[in-house]
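Okay, so here's the structure we're looking at.
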Amino acid sequence: MRAFAMPLPEMRNRRVPGRAPRRTDNKVSHRVTSIILAAALAAVACAPLSRTAALPDAPRAWPEPPAPARIVYVRSFSRPQDLGITKGLFQRLGEFFVGRDDVRLVRPMAVVAWGDDLVFVADPGAKGVHRFDLAKGRHHLIRREGGAPLPSPVGLALGVHGEAYVTDSALGQVFVIRPGAKAAAALALAATLAQPTGIALDPATGRLYVVDTANHEVKIFTPDGALHATFGRRGTGDGEFNYPTMIWRDVGGRLFVADSLNFRTQMFDAAGRPLGKFGKLGDATGDLARPKGVATDRFGHVYVVDSMFHALQVFDTEGRLLLHIGSQGRAPGEFWLPTGVYVGAQDKIYVADTHNRRVQVFRYVGSEP
């Protein structure tokens, strides 16, 4: 039975002879509207919350037993609900009228985390940056002012006050998402970027290191946007690049750059002077095919995401392979063309598992070297 039947067409304008047209009583109209709204609120409030769980936690550890565990799987997430972020009443009320809005990661490329309470994921598939605020139980998809999309956000770096810097390779710009902001603000930089990808911040000086992939170089900007220095050019020698992608700054100030089509990782000091390199093209464990994300932990381990190998490989700074995690698949610890990696608080390791449309979280549990 229909809840509200419309009057038949021939009855809508029918008048009784000799009687004046009847006016619509506004109070009655408002009362009916209130009843409809109240019924909708009740229906939404009573409806079960939609939860699409992440892959269940699994007792996975690397290396495999009986060897002592060094890295353990923690969880994965694709949707706000996977992190315990539920939809508010008014959001569910809106879905009651216009349909369900299923928010999820589409093509995550980079991830950073501010403690355990704030996670940013750059997602070109969603044309924005997801901000998961676990402390407040909120999720926002951050775009530009006026809702304009970020067509290709691919790199992320955290600031010292919880802000996030993001590169957009299609727009050739760097943006900042300040705490509580609903939109990303463009930074005024005194240099043209052809294809910005990786980005890192020096918290002591405020300098930004931006990888310009198409120009095979890294540009260093001061906090006011001035170009401080540039290092790198196309080539295969020390300090030269062939389509570099991501960059990481460790606590000691060293820079690690994924020199993707030279199939290696290079290390530099803060001024861009070469300190070392490791990696070579091959198909054996420890070789590199498409190194993308790179990060280090407080113990000096170097984590390299290899997109072609669907793997996370762990090295020391001399390039010796310490551990290999992954193969192509959807189970915990398996990947499909992963891209970014971030090491945060409590030795947590976040991997942007791009074509599995999720972020996987691991933790280093081994002893200090």
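The values are calculated or read from the model by the stated rules, or taken from the named source; none is laboratory data. Computed from a predicted model, the values in this text were never measured in an experiment. Counting neighbours? That spans all protein chains shown, and the Cβs are built from the backbone with ideal geometry, glycine included. Side chains included, ligands, DNA and RNA excluded: accessible areas come from the protein's heavy atoms. Shrake-Rupley method; radii C 1.70, N 1.55, O 1.52, S 1.80 Å.
Here the stretch 112-220 has 49 percent of its accessible surface on carbon and sulfur atoms, given a 1.4 Å probe and all protein chains in place.
Charged neighbours of Lys277, selected by a Cβ distance under 11 Å, balance to -2 (K, R count +1; D, E count -1). Close amide H pairs (under 5 Å, H built 1.01 Å from N) link His228 with Ile220, Phe221, Thr222, residues at least 5 positions away or on another chain.
Extension gain, His324-Val176: 0.36 nm per intervening residue step, less the Cα-Cα distance, totals 49.9 nm. What a 1.4 Å probe finds exposed on the stretch 230-369 is 48% carbon and sulfur by accessible area, rounded to a whole percent. Accessible surface computed residue by residue for the stretch 324-369, with neighbouring protein chains in place and a 1.4 Å probe, gives 37 Å² per residue.
Counting Lys and Arg as +1 and Asp and Glu as -1 over every other residue whose Cβ lies under 9 Å from the Cβ of Leu208, the net charge comes to +1. Local charge for Asp259 was computed over the other residues whose Cβ lies under 10 Å away, with Lys and Arg +1 and Asp and Glu -1, and equals +1.
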